[in-house]
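A short write-up of the structure that comes next.
Read-outs throughout are calculated quantities, based only on the coordinates presented, and are distinct from any laboratory measurement. Because the structure is a prediction, the values reported are computed rather than measured. We place every Cβ from the backbone using ideal geometry, glycine too, and count neighbours over all the protein chains shown.
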Amino acid sequence: MSRRFAIFAAVVLLCAPALLAQGKKKGEDQTRNVQGVVTSPEDAVVGGAVVYLKNLKTLQIRSFITKPDGTYYFHGLSTDVDYEVRADSKEQGLASPTKTLSSFDSRRDAVINLKLNKKS
């Protein structure tokens, strides 16, 4: 009886990873990206602004300095985590409101544009 149980347990342990992996489609990437453009109150692009991306699970913050055309890009983000995105231009005394990229948002390539306003 115990030998049968040992064989059964060994088979289950060997097959478990294959069964769990079937939840993901083969070749399916489990990451997503967010990108956008930072603009001024006058709708002009803002190069050199700092965009902050905050992981709401770990509270880790990543940053990106916008390109001259005002664009930013974060890649390799987890699909099961909420993120907050905001921009800041200390030189101009401007900041954007915080926007959230929800884990319920199924887009692999999300676009979140940020508009700077006067800091209060």
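Quick notes
- Residue exposure sequence - Asp69, Asp105, Asp43 - by fewest surrounding Cβ within 10 Å: Asp43, Asp69, Asp105
- Segment Gln30-Glu42, length gained on full extension (0.36 nm per residue, minus Cα span): 0.6 nm
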